[in-house]
Amino acid sequence: MDTPPLSGSDSDSDDSVVTDRELQDAFSRGLLKPGLNVVLEGPKKAVNDVNGLKQCLAEFKRDLEWVERLDVTLGPVPEISKPQSTSQSKDQKAVDPEDDFQREMSFYRQAQAAVLAVLPRLRQLKVPTKRPDDYFAEMAKSDQQMQKIRQKLQAKQVAMEKSEKAKQLRALRKYGKKVQTEVLQKRQREKAHMMNAIKKYQKGFSDKLDFLEGDQKPVARGKKEGAKGQQMKKGPSAKRRYKNQKFGYGGKKKGSKWNTRESYDDVSSFRAKTAHGKGLKRPGKKGSNKRPGKRTREKMKSRAR
């Protein structure tokens, strides 16, 4: 009897099950070779071979004097600032490895204790512990390497100087532009001032021509005062002349138009045409040139349309 065909997932699972069984059978028979399949063994047992360790120590151990070895094993320096009990000292010995500050301080105090214990012994053995003034030590780097470093430093210094010069040039350019704009603005102000002075002179409000001497150097105060005195000596100002023309030159004004015997007898200025109203007509009183009114003009425009 034929079995119905299985789906894709069922066939894959069956194939995998079959292959796992085959692998298990092959492993049980010992047919699997070492390669991809690794057999896990039990944990390795630690062997404390004391005799072997002592033998290795005896091989590289040397019987040297302490000056050649300089080995010291000491604990940290006790703190003298605060009196502490035995329980606190025991707590200090247990340093927390996770605390960075406490760990580094323990290293520092232990090194300090070693230095305090070793210095007297070195002085007894007459071993110098301070560097002499004329001490000379060969450098770890070669002359070629130091020459390369010197060239690199010089190139960096030259580049820095170039950048500084470029910054200074940019600053000078900015300052030059600023000065140029200030000069242009000053010229515009001087031009506007001169135009205002010219307009005032043209309208008769001023008779000074100082704006024409704007490009000249400033004169001293005494010279300016002398020039003003000379101008005053030349004649009155325009304002004074206008007032003189309008109101006269001063003196007695009351009764100046009264007739006297001499003026009454003088008839040389008599004109018959003017006396009888036959003289020249006043300007602006001509009837022929009279402009029509607004309504009349509007009517004329409507008619023209």
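The values are calculated or read from the model by the stated rules, or taken from the named source; none is laboratory data. Since the structure is predicted, the reported quantities are computational estimates derived from the model, not experimental observations. Using ideal geometry, Cβ is built from the backbone for each residue, glycine included, and neighbour counts are taken over all protein chains shown. Note: accessible area is taken over every heavy atom of the protein model, side chains too, but ligands, DNA and RNA are not part of it. Shrake-Rupley method; radii C 1.70, N 1.55, O 1.52, S 1.80 Å.
Here are the numbers for the structure shown:
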| read-out | value |
| --- | --- |
| The stretch 246-288, subset among the polar types (S, T, N, Q) and at pLDDT 65 or above, residue farthest from Gly235 (Cα to Cα) | Thr274 |
| Matching entry among Pro97, Pro76 (being modelled with pLDDT of 80 or more, part of a loop (DSSP other than H, G, I, E, B) and surrounded by 10 or more Cβ atoms within 10 Å (Cβ to Cβ)) | Pro76 |
| Among the candidates Asp2, Asp71, residue that is at pLDDT 80 or above, in a loop (DSSP other than H, G, I, E, B) and either loosely packed, with under 10 Cβ neighbours inside 10 Å or not small (Gly, Ala, Ser) (or both) | Asp71 |
| Residue, farthest from Lys208 (Cα to Cα), within the stretch 138-196, restricted to residues that are open to solvent by less than 80 Å² (accessible area, probe 1.4 Å) and of a type in the set (Gly, Ala, Ser) | Ser142 |
| Members of the stretch 109-124 found to be loosely packed, with under 10 Cβ neighbours inside 10 Å and either among the basic types (Lys, Arg) or more than 22 Å from Val77 (Cα to Cα) (or both), listed by number | Gln124 |
